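Following: one structure in structure tokens, then a few remarks.
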Amino acid sequence: MSARLDGRTALVTGSTTGLGRAMADAMAAAGAHVVLTGRSKEVGERAVAELREAGHTADYVAADLAEGRPAALRLADEAESLLGGRVDILVNNAGIVPVGPTADLDEELYDRAWTVNVKSAFFLTARLAPAMAARGAGVIINTGSIVVRHGFVGSALYSATKAAIESLTMSWAAEFGPSGVRVNAIAPGFVATETSPSERLVGAMTTAPAGRPGRVEEIGPLAVYLAGDDAAYVHGASFVLDGGWTTARR
Ligand SMILES: NC(=O)c1ccc[n+]([C@@H]2O[C@H](COP(=O)([O-])OP(=O)(O)OC[C@H]3O[C@@H](n4cnc5c(N)ncnc54)[C@H](OP(=O)(O)O)[C@@H]3O)[C@@H](O)[C@H]2O)c1
């Protein structure tokens, strides 16, 4: 991969594992100084050690984004300080996947899903985007999902949070885009990860034109593209990364 993010700094939430880790890896490999974050210190520090061993620049900050706005602000402060006072790229990726019949999901899980999936992204963006706008440059990438475009049994709560994230992408593109901050989303299909959707849903991706579920590492190049100057004209878009499943089936 050509180094297109040299000198840039990035905070990727939910980057200790899965899709977030893949985006953090790809951005670090493209030359960015990346802050990884998640609750598990052990997993986060191991990920940073692996990146450093590969010659990349990375740090870890522990954060439990279920704690809401204070946790998001603490994370932004610590990341900004580790990144030399500037976050150029914010990836709002941390997410949990509550599934089950609507009538079975309790209020605690409802609140947790909105806090981790939406509220943390909202207040991280509120804290970091104005500084990007003041500098006249910055990138925000939100992780959406194909569940915004297709109804799945048992996914009502999760899908609603992802619809909110993709909606925020458009609103923030309008709000911050004129100041040079590009805001876009990546909407992956089902990919096998730590908290993967069921094998049944991942397996359903075989009916996509691509004929298989996505691989975690396939999100990295798209994230690097969106973060880099090649995407200078890309604002407010949601990129569906699902082997074509949403629009066509075998
Ligand atoms: N996999 C898929 O098929 C798929 C499809 C579409 C969209 N997505 C979205 O992609 C994103 C990443 O999912 P993934 O599949 O890669 O899942 P994953 O492997 O479980 O990764 C989730 C990440 O979020 C972190 N996280 C979870 N709860 C957190 C909390 N309370 N505070 C801070 N960090 C927290 C986890 O770290 P810790 O556990 O250490 O906290 C981990 O780094 C999510 O937004 C998900 O909705 C996934």
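The values are calculated or read from the model by the stated rules, or taken from the named source; none is laboratory data. Source: prediction; values computed, not measured. Note that we place each Cβ from the backbone using ideal geometry, even for glycine, and neighbour counts take in every protein chain shown. The area values use the complete protein model at the heavy-atom level, side chains included, leaving out ligands, DNA and RNA. Shrake-Rupley method; radii C 1.70, N 1.55, O 1.52, S 1.80 Å.
State all residues of segment 222-231 that are open to solvent by less than 70 Å² (accessible area, probe 1.4 Å) and not β-branched (Val, Ile, Thr); if no residue qualifies, say none. It would help to see each step written out before you state the result.
Let us first name the residues in segment 222-231 that are open to solvent by less than 70 Å² (accessible area, probe 1.4 Å), namely 222-224, 226-228, 231.
Within segment 222-231, 222, 223, 226, 227, 228, 231 qualify.
Among the residues of segment 9-35, write down those that are within 13 Å of the ligand (Cβ to nearest atom) and touching an Asp or Glu at 6+ places or on another chain (Cβ under 7 Å).
Passing the criteria: 17, 18, 22, 35.
Output the qualifying pairs, or none if there are none: Cβ atoms under 9 angstrom, residues six or more apart or on different chains, first residue in segment 18-35 and part of a helix (DSSP H, G or I), second residue among the charged types (D, E, K, R).
Note: pairs meeting the criteria are 18/194; 22/215; 22/217; 22/218; 25/50; 25/217; 26/217; 27/8.
Give me the pairs: first residue in segment 144-169 and of a type in the set (Asp, Glu), second residue within 11 Å of the ligand (Cβ to nearest atom) and open to solvent by 20 Å² or more (accessible area, probe 1.4 Å), beta-carbon distance under 9 Å, and six or more apart or on different chains, which are they?
So the pair list comes out as 166/148.
Could you list all residues from segment 72-112 that are among the hydrophobic types (A, V, I, L, M, F, W, C), within 16 Å of the ligand (Cβ to nearest atom) and not in a loop (DSSP other than H, G, I, E, B)?
Selection gives 72, 73, 75, 76, 79, 90, 91, 109.
Could you count how many residues in segment 51-72 are open to solvent by less than 10 Å² (accessible area, probe 1.4 Å) and farther than 22 Å from residue 30 by Cβ?
3
When you look at residue 174, is it at pLDDT 95 or above, farther than 22 Å from residue 90 by Cβ and either more than 13 Å from the ligand (Cβ to nearest atom) or open to solvent by less than 20 Å² (accessible area, probe 1.4 Å) (or both), yes or no? Explain how you work it out, then say what you get.
Details: at pLDDT 95 or above: yes; farther than 22 Å from residue 90 by Cβ: no; either more than 13 Å from the ligand (Cβ to nearest atom) or open to solvent by less than 20 Å² (accessible area, probe 1.4 Å) (or both): yes.
Judged against the criteria, residue 174 is not a match.
Mind counting the residues in segment 206-221 that are assigned to a helix (DSSP H, G or I) and open to solvent by 30 Å² or more (accessible area, probe 1.4 Å)? Explain how you work it out, then say what you get.
Step one: filter segment 206-221 for residues assigned to a helix (DSSP H, G or I), giving 206-207, 216-221.
Applying the additional criterion that residues be open to solvent by 30 Å² or more (accessible area, probe 1.4 Å) yields 206-207, 216-218, 221.
The qualifying residues number 6.
Which one of these is modelled with pLDDT of 95 or more, over 13 Å from the mean Cα position of the chain (by Cα) and crowded, with 24+ Cβ neighbours inside 10 Å: 75, 36, 90?
Details: 36 fails: over 13 Å from the mean Cα position of the chain (by Cα); 90 fails: over 13 Å from the mean Cα position of the chain (by Cα).
After applying the criteria, what remains is 75.
Can you confirm whether segment 191-205 contains a residue that is on the phi < 0 side of the Ramachandran plot, within 15 Å of the ligand (Cβ to nearest atom) and open to solvent by less than 10 Å² (accessible area, probe 1.4 Å)?
Residues of segment 191-205 on the phi < 0 side of the Ramachandran plot: 191-205.
Adding the requirement that they be within 15 Å of the ligand (Cβ to nearest atom) leaves 191-205.
Filter once more, keeping what is open to solvent by less than 10 Å² (accessible area, probe 1.4 Å): 205.
Yes, that holds for at least one residue.
Go through segment 143-155 and count every residue that is open to solvent by less than 60 Å² (accessible area, probe 1.4 Å) and more than 9 Å from the ligand (Cβ to nearest atom). Give the steps one after another, and end with the answer.
Step one: filter segment 143-155 for residues open to solvent by less than 60 Å² (accessible area, probe 1.4 Å), giving 143-148, 152, 154-155.
Filter again for more than 9 Å from the ligand (Cβ to nearest atom), leaving 148, 152, 154-155.
Residues in segment 143-155 being open to solvent by less than 60 Å² (accessible area, probe 1.4 Å) and more than 9 Å from the ligand (Cβ to nearest atom): 4 in total.
Rundown of residues vs (1) within 18 Å of residue 14 (Cβ to Cβ); (2) under 19 Å from the mean Cα position of the chain (by Cα), yes/no style:
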| residue | (1), (2) |
| --- | --- |
| 52 | no, no |
| 62 | yes, yes |
| 68 | yes, yes |
| 109 | yes, no |
